[in-house]
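Down below is the structure, laid out as structure tokens.
The numbers here are math on the coordinates, done by the rules we state, and not lab data. Remember, it's a predicted structure, so these values are computed and weren't measured experimentally. Don't worry about glycine lacking a Cβ; one is built from the backbone with ideal geometry, like all the others, and counts go over all protein chains shown.
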Amino acid sequence: MRWVSFATAADPQVERVGVAIEEEIVALPAGTTLLGLLRAEGDLRAAGEAALAARHEVQEPAAVRLLPPIPEPPSVRDFMAFEQHVASAARHYGREVAEAWYRMPVFYFSNPASMFGARDPVGIPADSERFDFELEVGCVIGREGRDVAAADAMDHVAGFTIFCDWSARDLQLDEMTVGLGPAKGKDSATTLGPFMVSPEELEDVQSPKGYDLRMSAFLNGRELGSDRWSNVHFSFPEMIERASRGTRLRPGDILGSGTCGYGCLSELRRSDDQLGWLAPGDVVRLEIERLGSVESRITSG
């Protein structure tokens, strides 16, 4: 199923949840949220099928504001799981990929209070001149777990979504010279959406490490870069095993895959010196097959 969180023009501050089917959103009863459903640990599919059978309320996607599937996740961890992106960054700074990267999936914590929906504008932080997008896959945790083995990890996955880690590169590089971070360089915005797609929707394209789906990044209508989810070095089960070691993962927690190959300006600018950084008025569109697309207009902040 494709789950969507949304708000209507009549109640813009009220979070709703529904199942997206073709060009409709079949809403669940008011007062129900996706995070609430996950925390209840009920049968998510059964709840969706009941809504589809009843069809008490149907919305058109264009008539609502699409929220992040989980508008305020309990936590957000962002990994670096695509070797092409990691290797490219290492070459740019004149070094080799760290040996530790091949031994374990590593992550940082991002800001769960700065989630944006699939069509929301995104502002450049006031003190940044090098603003960038990052095309990633997001994984939504559906069931609590601690010390989860990779072999059991998919039992804890509710679904997948597009994840854009907006990055102020100048702030990021400056603060990381101290030995901490990224912090303010990644603090202002993360876009999630448009759907949370259940794993069973992707079973026919499953690969050893991910799913054989194209990931594409567009700027002002021009495709800049693409990769395939199946090229990921660490699978989400491996990331979940790492993230849950010695601690608790909770329903609604978000794990980002890290940037796919050729999925950000920082990497693409190295082979195209005509590319600048993001500027007000730019439109970034990120697509992943089966997961849909997000489109964000860049503003001055």
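In nm, to one decimal, how far is the modelled label at N111 from the one at M176, with both set 7 Å along Cα→Cβ?
Rounded to a tenth, the inter-label distance reads 1.8 nm.
Counting pairs of Cα atoms in region 2-66, how many percent are more than 17 Å apart?
Of the Cα pairs, 32 percent sit more than 17 Å apart.
Starting with the fewest neighbours, write out V4, V122, V97 ranked by other beta-carbon atoms found within 10 Å of each beta-carbon.
Taking fewest neighbouring Cβ atoms as first place, the list is V97, V122, V4.
What is the magnitude of the charge dipole of region 2-66 about its Cα centre, with +1 placed on the Cβ of each Lys and Arg, -1 on the Cβ of each Asp and Glu, and no other charges, expressed in debye to the nearest 20?
160
Working out 0.36 nm times the residue gap between A62 and E144, then minus their Cα-Cα distance, what length gain in nm do you get to one decimal?
26.1 nm
Can you give me the Cα centroid spacing of region 28-42 and region 232-270 in angstrom?
25
With runs of 4+ DSSP H residues as the only contributors, calculate the mean residue ellipticity of the chain at 222 nm using -39,500 (n - 2.57) per run, divided by the residue total and rounded to the nearest 500.
Counting only the DSSP helices, I get -4500 deg cm²/dmol.
Charges at C-beta only: +1 for Lys and Arg, -1 for Asp and Glu. How large is the resulting dipole of region 41-183 about its Cα centre, in Debye rounded to 20?
In total the dipole reaches around 160 debye.
Using a simple charge model, +1 on the beta-carbon of Lys and Arg, -1 on the beta-carbon of Asp and Glu, nothing else, what dipole does region 30-100 show about its Cα centre, in debye to the nearest 20?
The calculated dipole for region 30-100 is roughly 140 debye.
Amide H neighbours of E57 under 5 Å, at least 5 residues apart or on other chains, H built in the peptide plane: list them.
A27
Per 0.36 nm of contour for each residue apart, how much would the distance between E223 and E23 grow if the chain were fully extended, relative to their Cα-Cα spacing?
Here the answer is 69.5 nm.
Sorted by average packing, counted as other Cβ atoms within 10 angstrom per residue and highest first, what order do 15-22, 131-138 take?
131-138, 15-22
Starting from region 46-111, pick out the trypsin sites (Lys or Arg not before Pro) whose DSSP state is loop and whose Cβ has at most 16 other Cβ atoms within 10 Å.
Taking region 46-111 and a limit of 16 other Cβ atoms within 10 Å, the loop trypsin sites (Lys or Arg not before Pro) found are R55, R95.
Return the sequence-ordered ³J(HN,Hα) values of region 4-18 in whole Hz as given by the Karplus equation 6.51 cos²θ - 1.76 cosθ + 1.60 applied to θ = phi - 60°, using x for Gly and Pro.
Values, residue by residue: 9, 9, 8, 9, 9, 5, 6, 9, x, 9, 9, 7, 10, 9, x Hz.
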